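Working notes, structure below.
The values are calculated or read from the model by the stated rules, or taken from the named source; none is laboratory data. Computed from a prediction, not measured in an experiment: that's the story for all the values here. Note that each Cβ is placed from the backbone with ideal geometry, even for glycine, and that neighbours are counted across all protein chains shown. These accessible areas exclude ligands, DNA and RNA; they are computed on the full protein's heavy atoms, side chains included. Shrake-Rupley method; radii C 1.70, N 1.55, O 1.52, S 1.80 Å.
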Amino acid sequence: MSLYIGREASKLWKRVCAETTTEINLLADNWKYILGGLIFQYIHGLAARGVHYLHRPGPILQDAGFFLLPELGQDKSYISETLFTSVFLSFIVWTFHPFILKSKKIYTVLVWCRVLAFLVASQFLRIITFYSTQLPGPNYHCREGSKLARLPHPQSLVEVLLMNFPRGMTHGCGDLIFSSHMIFTLVFVLTYQKYGTKRCIKQLGWLIAVVLSLLIIASRKHYTVDVVVAWYTVNLVVFFLDKKLPELPDRTGSASLLLPLSTKDKDSKTREENHKLLNGNSLDPADWRQRTQVNGKILDDASLVHADATAMNGA
């Protein structure tokens with residue numbers, strides 16, 4: 001038993017090392033996209049913090065979701081946050097599964113490049129919308145009488161840049177249309193829908209997205225319009241961007257053949273193809289037959305050359 005465990009542990013370690021080397025090479029080629037996406041997450045946080053300074057509490061707007069769904073109350077607002085955190089962490093764990101599991105269909109770095117592209121595009125549209133019109137926040141800490149409903153003007157640039165982290169990130173007001181929680185949830189679900197392998201998890205993901213939408217409204221963290229706009233905006237963003245971005249390489253074959261060719265490899269391949277063309281060889285491997293040039297003509301078979309020579313002697 002101990003021998004079997006030791007053998008499997010050795011295989012797992014080799015798999016982790018090989019996958020790490022592959023991902024590091026991919027990260028070296030795509031680090032600019034990863035870094036740009038992460039920087040924009042901070043910019044999005046700054047924008048959400050900035051609109052809080054503009055927020056003015058007022059009467060809660062009439063909302064169909066508030067009328068239909070019972071209010072959970074401030075003491076149960078953690079339910080939606082717990083569910084969202086579970087989705088967030090589960091997706092991160094799934095993107096790193098190629099490091100330990102044999103059933104590898106994705107490259108972690110390339111998946112996160114796509115995910116960050118979807119997030120950046122959706123968040124950019126979100127910033128435009130919540131700065132266009134500031135609505136009175138329906139959340140409990142955004143209502144009249146709460147100390148957090150209005151923020152005093154910042155005393156320094158550092159105060160703005162630090163965003164009162166982490167409380168400033170969880171107790172914002174004014175960044176309503178459309179829901180940031182739904183942006184992340186829908187991007188994660190759509191990504192797994194395309195690259196995941198378990199059908200039951202795909203169905204569970206969509207069910208969780210619907211349940212989380214209802215919980216956000218019942219917790220009075222967003223108006224119904226914030227959630228509805230997120231549903232069709234994020235889906236449209238992912239639909240159009242997915243067609244523009246390069247598709248992920250398929251991992252069903254040999255790993256060495258699936259990685260994108262470097263410039264050196266491409267140049268070497270081009271020189272090899274040119275050399276074959278100069279020698280009269282076809283680029284099609286099925287057509288790599290020995291060829292001989294006689295009287296300016298290229299013949300496919302040496303027997304044809306012999307027959308041609310015999311005919312000339314007979315003449």
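Screening region 3-62 for residues that are of a type in the set (Val, Ile, Thr) and touching a residue at least 40 places away in the same chain (Cβ under 8 Å) and picking the one that is nearest to VAL111 (Cα to Cα) gives ILE34.
If we keep just the residues of region 67-89 that are farther than 30 Å from TRP112 by Cα and among the charged types (D, E, K, R), which is most open to solvent (accessible area, probe 1.4 Å)? Out of the qualifying residues, it is ASP75.
Do we have any residue at all in region 177-194 that's of a type in the set (A, V, I, L, M, F, W, C), touching a Gly at 6+ places or on another chain (Cβ under 8 Å) and farther than 28 Å from ILE24 by Cβ? Taking every residue of region 177-194 in turn, at least one turns out to be of a type in the set (A, V, I, L, M, F, W, C), touching a Gly at 6+ places or on another chain (Cβ under 8 Å) and farther than 28 Å from ILE24 by Cβ. For the condition within 31 Å of the chain's Cα centre (by Cα) and either at negative phi or acidic (Asp, Glu) (or both), LEU151 does not qualify. Looking across GLN123, GLN134, one residue alone is polar (S, T, N, Q) and open to solvent by 40 Å² or more (accessible area, probe 1.4 Å). It is GLN134. Check whether at least one residue in region 144-165 is over 13 Å from LEU46 (Cα atoms), part of a loop (DSSP other than H, G, I, E, B) and of a type in the set (Asp, Glu), and report yes or no. The answer is yes; a qualifying residue exists. Just give me the residues in region 39-78 being modelled with pLDDT under 90 and closer than 17 Å to VAL227 by Cα, in sequence order. Once the filter is applied, which keeps residues that are modelled with pLDDT under 90 and closer than 17 Å to VAL227 by Cα, region 39-78 yields only SER77.
Checking each residue in region 213-228 for being open to solvent by 20 Å² or more (accessible area, probe 1.4 Å) and among the hydrophobic types (A, V, I, L, M, F, W, C) picks out LEU214, LEU215, VAL225, VAL228. Selection over region 59-94 of residues that are in contact with a Leu (Cβ under 7 Å, 6 or more places away or on another chain) and assigned to a loop (DSSP other than H, G, I, E, B) gives a count of 2.
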